[in-house]
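Peer 1: Let me begin by handing over the structure; questions about it come next.
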2 protein chains.
Amino acid sequence: MPTNKTLLFTSIPPNGLPNPAAGHLTLTDLGPFDLSTPPPPGGLTLSILAPYLSLDPFLTDKLRDASIPSYVPAYTLGAPITNAGIARVILSSHPSFPPSTLLLADDLPFAEYTTLTASAIASQLASSTLQPLLNPHRLPLPLFLGPLGMPGLTAYSSLQEIARPRAGETIFISSAAGAVGQIVGQLALRLGLRVLGSVGTDAKLDYITSELGFHSGFNYRTEPAGAALARLAPEGVDIYFDNVGGAQLDAALAAMRVGGRVVACGMITAYNKPLGEGEPIRNLLCVVDKRLVIRGFIVFDEDFGPKYRVEHQEKVGAWLAEGSMKARIHVVEGLEGAVKGLVEMFDGGNFGKAVVRVGGREGDS
Amino acid sequence: MPTNKTLLFTSIPPNGLPNPAAGHLTLTDLGPFDLSTPPPPGGLTLSILAPYLSLDPFLTDKLRDASIPSYVPAYTLGAPITNAGIARVILSSHPSFPPSTLLLADDLPFAEYTTLTASAIASQLASSTLQPLLNPHRLPLPLFLGPLGMPGLTAYSSLQEIARPRAGETIFISSAAGAVGQIVGQLALRLGLRVLGSVGTDAKLDYITSELGFHSGFNYRTEPAGAALARLAPEGVDIYFDNVGGAQLDAALAAMRVGGRVVACGMITAYNKPLGEGEPIRNLLCVVDKRLVIRGFIVFDEDFGPKYRVEHQEKVGAWLAEGSMKARIHVVEGLEGAVKGLVEMFDGGNFGKAVVRVGGREGDS
């Protein structure tokens with residue numbers, strides 16, 4: 001009988017970022033997982049081994065005291081952390097999902113096995129937070145957590161809905177090699193924009209310009225954003241796709257052209273700090289002087305994910321299949337690596353969309 | 001023969017704010033103005049005596065070196081400063097405008113008399129920057145530079161277009177007794193919003209709550225905005241109508257509810273300072289967390305003034321006439337007072353929409 005390793009939320013990190021040594025998240029063997037007993041009536045037993053769980057920056061916001069309000073609910077202390085992922089049905093009492101069906105779910109535990117009751121399946125199907133993974137192009141599974149998953153839909157919907165790009169405009173994207181940024185840049189290239197990205201390593205800079213075809217880019221760790229924008233976009237920027245906030249946002253505001261749009265997708269420089277202790281923004285007067293829009297959003301809002309979901313799946317799926325769109329995936333091997341993988345999203349250590357391959361490479365089927 | 005006093009732009013103030021003693025703006029008698037000779041063919045001779053010129057914060061942005069770009073053109077050194085105002089035709093060679101016609105013009109000199117050529121009249125009529133002043137309700141003339149002029153149209157159009165108010169929502173307005181703020185608040189009250197304003201004196205606080213009927217307000221000089229918002233709107237703010245930027249904007253961001261909208265109308269705390277030297281904003285992460293929109297605009301943009309002009313004139317004109325909308329006007333007597341009047345807009349010394357009565361009270365007709 002297999003055991004079931006699970007990543008439990010065991011103590012609250014002071015500012016969201018878990019420390020592997022400090023026991024904020026603890027990999028725990030929950031003991032034997034009984035695969036000889038069928039799941040409850042109408043339920044499913046899922047294996048998350050070999051399939052993948054998604055790692056996203058917002059998870060650190062959930063590692064908090066539940067009494068602190070936020071746009072996402074806190075994780076429960078003592079329970080497994082959860083996130084979107086792919087699982088395989090191994091035992092089924094549900095008529096629609098026979099064994100070996102692959103499922104996409106928004107709320108899987110960081111564990112090797114889990115069980116879903118009939119009512120949980122029904123409510124998750126109704127809210128589209130659980131669905132069979134359809135893979136007509138036979139694409140690698142991690143792509144369904146990246147360009148075809150929440151980060152890709154985030155990029156696709158907000159670029160259309162907030163940035164409203166027009167051919168010939170200039171877009172600047174921070175965290176441009178990241179899960180969202182790499183998709184935003186490639187979509188903007190297809191729309192005829194001039195695409196400029198910032199990254200934190202020279203390898204990533206080479207990736208966005210040589211492999212993805214961005215017109216230019218810079219390493220924000222070695223060149224201040226203001227100087228880089230003046231050098232690379234002297235005529236100004238029409239769209240800033242912000243994943244970081246702070247000094248890069250401030251420089252972008254100063255570089256924006258009249259009527260520019262800022263997609264406030266993320267502000268990683270301000271995460272995991274008390275409100276007000278992020279890098280200060282000094283150029284907000286530009287919003288008035290240049291009639292800018294800065295807009296935050298959440299992909300689950302009606303005008304974003306739901307509005308663009310079908311179009312996004314069809315188009316991005318076809319582009320990935322034909323090779324005209326690329327995606328770099330950062331695979332973390334095993335639940336053992338999940339905490340480190342999470343921290344690396346904040347220190348620039350990851351490169352591309354981060355996923356955990358549960359059970360590690362040896363779990364591959 | 002009368003003389004023609006004119007306010008000339010004679011030297012550039014270091015940061016826009018003219019110093020009366022330092023000769024940045026100089027009241028100059030241009031000598032006799034010949035009223036015995038008719039204007040050029042098709043032209044007009046206008047008296048600006050007794051009528052009014054508008055004073056607005058953005059004028060200080062025009063007191064700059066013309067080589068510095070901005071959203072408004074710089075004033076010409078050695079020439080009169082100009083702004084919107086009301087003038088009376090005293091000599092006419094134009095078929096449509098007989099003597100004594102009152103004209104509304106966006107670009108009158110700060111002078112007692114001026115002449116318009118036929119071609120200037122044609123182009124200004126075409127761009128709607130010159131028009132006969134229609135006054136069906138026989139309202140006091142300064143109202144056409146305030147609630148019925150650019151500040152009123154600014155309030156009316158941006159409240160609709162950016163704030164999109166819904167009955168029951170809470171709006172916070174800074175500079176709430178000012179030319180724009182007092183109109184925004186009264187429009188919001190008509191729409192069933194809970195209206196909260198900030199001002200810089202207790203007299204203004206009394207005005208917005210007792211006279212205009214705002215639900216509440218605070219004096220930002222005696223109570224920090226964050227504390228005041230927590231006290232007056234513990235449930236949060238749906239709309240922030242920003243005229244000031246800085247600490248009040250920062251406090252508003254922290255107090256916004258999910259889906260809130262910030263109308264970036266002005267940031268007087270950041271004017272007349274080099275970009276980046278205004279008060280820093282630290283709570284911009286709220287834009288992401290709470291899916292906020294911050295949007296700047298200019299009233300001349302198609303979606304603002306032009307879209308709402310007719311509706312604004314009809315409705316606000318009727319409300320002012322029946323007394324269900326009020327407007328406080330701050331009259332500066334004579335061109336002599338114009339510089340002081342301009343400076344007072346930045347130190348809180350004015351109270352309401354500022355206008356210059358050219359020639360002072362004795363010029364009244």
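The values are calculated or read from the model by the stated rules, or taken from the named source; none is laboratory data. Since we're looking at a predicted model, the values are computed, not measured. Note that we place each Cβ from the backbone using ideal geometry, even for glycine, and neighbour counts take in every protein chain shown.
Peer 1: Of all residues in segment A:13-38, how many are under 15 Å from A:Gly78 (Cβ atoms), of a type in the set (A, V, I, L, M) and under 22 Å from the mean Cα position of the chain (by Cα)?
Peer 2: Here the count works out to 1.
Peer 1: A further question follows. Being modelled with pLDDT of 90 or more and either of a type in the set (Ser, Thr, Tyr) or under 17 Å from A:Thr154 (Cα atoms) (or both), is that true of even one residue in segment A:283-294?
Peer 2: Yes, some residue in segment A:283-294 is modelled with pLDDT of 90 or more and either of a type in the set (Ser, Thr, Tyr) or under 17 Å from A:Thr154 (Cα atoms) (or both).
Peer 1: Moving to a separate point now. Identify, please: which residue in segment B:300-327 is part of a loop (DSSP other than H, G, I, E, B) and in contact with an Asp or Glu (Cβ under 8 Å, 6 or more places away or on another chain) and is, among those, farthest from A:Lys290 (Cα to Cα)?
Peer 2: Of segment B:300-327, the ones part of a loop (DSSP other than H, G, I, E, B) are B:300-304, B:323-327.
Still in the list and also in contact with an Asp or Glu (Cβ under 8 Å, 6 or more places away or on another chain): B:303-304, B:326.
Numbers: B:Asp303: 15, B:Phe304: 15, B:Lys326: 31 Å.
Of everything passing the filter in segment B:300-327, B:Lys326 is farthest from A:Lys290 (Cα to Cα).
Peer 1: Let me ask something else about it. Against the condition closer than 22 Å to B:Ala155 by Cα, away from chain A (no Cβ under 14 Å) and either in contact with a Leu (Cβ under 8 Å, 6 or more places away or on another chain) or among the hydroxyl-bearing types (Ser, Thr, Tyr) (or both), how does B:Ala338 come out, does it pass? Explain how you work it out, then say what you get.
Peer 2: Working: closer than 22 Å to B:Ala155 by Cα: no; away from chain A (no Cβ under 14 Å): yes; either in contact with a Leu (Cβ under 8 Å, 6 or more places away or on another chain) or among the hydroxyl-bearing types (Ser, Thr, Tyr) (or both): yes.
It is false that B:Ala338 is closer than 22 Å to B:Ala155 by Cα, away from chain A (no Cβ under 14 Å) and either in contact with a Leu (Cβ under 8 Å, 6 or more places away or on another chain) or among the hydroxyl-bearing types (Ser, Thr, Tyr) (or both).
Peer 1: Which residues, counting only those in segment B:303-334, are touching a residue at least 40 places away in the same chain (Cβ under 8 Å) and either touching a Phe, Trp or Tyr at 6+ places or on another chain (Cβ under 6 Å) or of a type in the set (Val, Ile, Thr) (or both)?
Peer 2: The answer is B:Phe304, B:Tyr308, B:His312, B:Val316, B:Met325, B:Ile329, B:Val331, B:Val332.
Peer 1: Is it the case, given these coordinates, that B:Ile329 is within 14 Å of chain A (Cβ to nearest Cβ) and either surrounded by 20 or more Cβ atoms within 10 Å (Cβ to Cβ) or not polar (S, T, N, Q) (or both)?
Peer 2: Values: within 14 Å of chain A (Cβ to nearest Cβ): no; either surrounded by 20 or more Cβ atoms within 10 Å (Cβ to Cβ) or not polar (S, T, N, Q) (or both): yes.
Considered against the rule, which asks whether it is within 14 Å of chain A (Cβ to nearest Cβ) and either surrounded by 20 or more Cβ atoms within 10 Å (Cβ to Cβ) or not polar (S, T, N, Q) (or both), B:Ile329 comes out as no.
Peer 1: So which residues in segment A:65-87 are closer than 16 Å to A:Thr129 by Cα and either crowded, with 20+ Cβ neighbours inside 10 Å or among the β-branched types (Val, Ile, Thr) (or both), if there are any at all? Full working, then the answer.
Peer 2: Keep residues of segment A:65-87 that are closer than 16 Å to A:Thr129 by Cα, which gives A:72-73, A:82-87.
Residues satisfying the conditions are A:Val72, A:Thr82, A:Asn83, A:Ala84, A:Gly85, A:Ile86, A:Ala87.
Peer 1: Additional query: Scan segment B:298-318 and tell me whether some residue there is crowded, with 16+ Cβ neighbours inside 10 Å, within 14 Å of another protein chain (Cβ to nearest Cβ) and closer than 30 Å to A:Pro274 by Cα.
Peer 2: There is no residue in segment B:298-318 that is crowded, with 16+ Cβ neighbours inside 10 Å, within 14 Å of another protein chain (Cβ to nearest Cβ) and closer than 30 Å to A:Pro274 by Cα.
Peer 1: Can you find even one residue in segment A:146-155 that is of a type in the set (S, T, N, Q) and either in contact with a Gly (Cβ under 9 Å, 6 or more places away or on another chain) or modelled with pLDDT under 95 (or both)? Steps first, answer last, please.
Peer 2: Just the residues of segment A:146-155 that are of a type in the set (S, T, N, Q), to begin with: A:154.
Now restrict to residues that are either in contact with a Gly (Cβ under 9 Å, 6 or more places away or on another chain) or modelled with pLDDT under 95 (or both): A:154.
Within segment A:146-155 (the criterion being of a type in the set (S, T, N, Q) and either in contact with a Gly (Cβ under 9 Å, 6 or more places away or on another chain) or modelled with pLDDT under 95 (or both)), the answer is yes, since at least one residue qualifies.
Peer 1: In segment A:232-242, what residues are in contact (Cβ under 8 Å) with a residue 12 or more places away in the chain and at negative phi?
Peer 2: Once the filter is applied, which keeps residues that are in contact (Cβ under 8 Å) with a residue 12 or more places away in the chain and at negative phi, segment A:232-242 yields A:Leu232, A:Ala233, A:Glu235, A:Val237, A:Asp238, A:Ile239, A:Tyr240, A:Phe241, A:Asp242.
Peer 1: With (1) under 23 Å from the mean Cα position of the chain (by Cα); (2) touching a residue at least 24 places away in the same chain (Cβ under 8 Å); (3) within 30 Å of B:Gly226 (Cβ to Cβ) as the list, and A:Phe300 as the residue in question, which single condition is left unmet?
Peer 2: In the conditions (1) under 23 Å from the mean Cα position of the chain (by Cα); (2) touching a residue at least 24 places away in the same chain (Cβ under 8 Å); (3) within 30 Å of B:Gly226 (Cβ to Cβ), A:Phe300 misses (2) alone.
Peer 1: How many residues does segment A:266-275 hold that are facing another protein chain (nearest Cβ under 7 Å) and β-branched (Val, Ile, Thr)? Show your work before the answer.
Peer 2: Within segment A:266-275, the subset facing another protein chain (nearest Cβ under 7 Å) is A:266-267, A:270, A:275.
Then drop every residue that is not β-branched (Val, Ile, Thr), which leaves none.
Within segment A:266-275, residues that are facing another protein chain (nearest Cβ under 7 Å) and β-branched (Val, Ile, Thr) number 0.
Peer 1: Mind checking which strands (runs of 3 or more DSSP E) fall wholly inside segment B:36-98 and carry at least 2 residues that are among the basic types (Lys, Arg), touching a residue at least 40 places away in the same chain (Cβ under 8 Å) and in contact with a strand residue (DSSP E or B) (Cβ under 9 Å, 6 or more places away or on another chain)?
Peer 2: Numbers: elements: B:44-47, B:52-54, B:82-92.
In segment B:36-98, no matching strands (runs of 3 or more DSSP E) lie anywhere.
Peer 1: What single numbered condition from (1) exposed (fewer than 15 other Cβ atoms within 10 Å of the Cβ); (2) under 16 Å from the mean Cα position of the chain (by Cα) fails to hold for B:Glu322?
Peer 2: Result: B:Glu322 passes all but (2).
Peer 1: Of A:Ser123, A:Ser93, which residue is of a type in the set (S, T, N, Q), loosely packed, with under 14 Cβ neighbours inside 10 Å and at pLDDT 90 or above?
Peer 2: Details: A:Ser93 fails: loosely packed, with under 14 Cβ neighbours inside 10 Å.
Residue meeting the stated conditions: A:Ser123.
Peer 1: Let me ask you something else. Name the residue, out of A:Ile171, A:Ile162, that is in a strand (DSSP E or B) and not acidic (Asp, Glu). Can you show your working first?
Peer 2: Values: A:Ile162 fails: in a strand (DSSP E or B).
Just a single option satisfies the conditions, and that option is A:Ile171.
Peer 1: Now a separate question. Tell me, which residue of segment B:213-248 that is in contact with a strand residue (DSSP E or B) (Cβ under 6 Å, 6 or more places away or on another chain) and small (Gly, Ala, Ser) is farthest from B:Asp347 (Cα to Cα)?
Peer 2: Only one residue tops the list, namely B:Gly236.
Peer 1: Test A:Leu187 against the criterion of being in contact with a helix residue (DSSP H, G or I) (Cβ under 7 Å, 6 or more places away or on another chain), more than 30 Å from A:Ser96 (Cβ to Cβ) and not small (Gly, Ala, Ser), and give yes or no. Give the steps one after another, and end with the answer.
Peer 2: Details: in contact with a helix residue (DSSP H, G or I) (Cβ under 7 Å, 6 or more places away or on another chain): yes; more than 30 Å from A:Ser96 (Cβ to Cβ): yes; not small (Gly, Ala, Ser): yes.
Yes: the conditions hold for A:Leu187.
Peer 1: Could you give every pair whose Cβ atoms fall below 6 Å, whose first residue belongs to segment A:276-297 and is at the interface with another protein chain (Cβ under 7 Å from one of its Cβ atoms), and whose second residue is among the hydroxyl-bearing types (Ser, Thr, Tyr), counting only separations of at least 6 or pairs across chains?
Peer 2: A:Gly278/A:Thr269; A:Asp289/B:Tyr71; A:Phe297/A:Ser158
Peer 1: When you check B:Ala188 against the structure, is it part of a loop (DSSP other than H, G, I, E, B) and crowded, with 24+ Cβ neighbours inside 10 Å, yes or no? Steps first, please.
Peer 2: On the way: part of a loop (DSSP other than H, G, I, E, B): no; crowded, with 24+ Cβ neighbours inside 10 Å: yes.
No; evaluated as a whole, the condition is false for this residue.
Peer 1: From the list A:Leu342, A:Leu284, exactly one residue is touching a strand residue (DSSP E or B) at 6+ places or on another chain (Cβ under 6 Å) and surrounded by 22 or more Cβ atoms within 10 Å (Cβ to Cβ). Which is it?
Peer 2: Details: A:Leu342 fails: touching a strand residue (DSSP E or B) at 6+ places or on another chain (Cβ under 6 Å).
Of the residues listed, the single one that is touching a strand residue (DSSP E or B) at 6+ places or on another chain (Cβ under 6 Å) and surrounded by 22 or more Cβ atoms within 10 Å (Cβ to Cβ) is A:Leu284.
Peer 1: For segment A:245-263, what are the residues that are buried (at least 19 other Cβ atoms within 10 Å of the Cβ) and either more than 11 Å from every other protein chain (Cβ to nearest Cβ) or out of contact with any Ser or Thr (no Cβ under 9 Å at 6 or more places or on another chain) (or both)? First the steps, then the outcome.
Peer 2: Initial filter on segment A:245-263 (buried (at least 19 other Cβ atoms within 10 Å of the Cβ)): A:245-246, A:248-256, A:260-263.
A:Gln248, A:Asp250, A:Ala251, A:Ala252, A:Leu253, A:Ala254, A:Ala255, A:Met256, A:Gly260, A:Arg261, A:Val262, listed by residue number.
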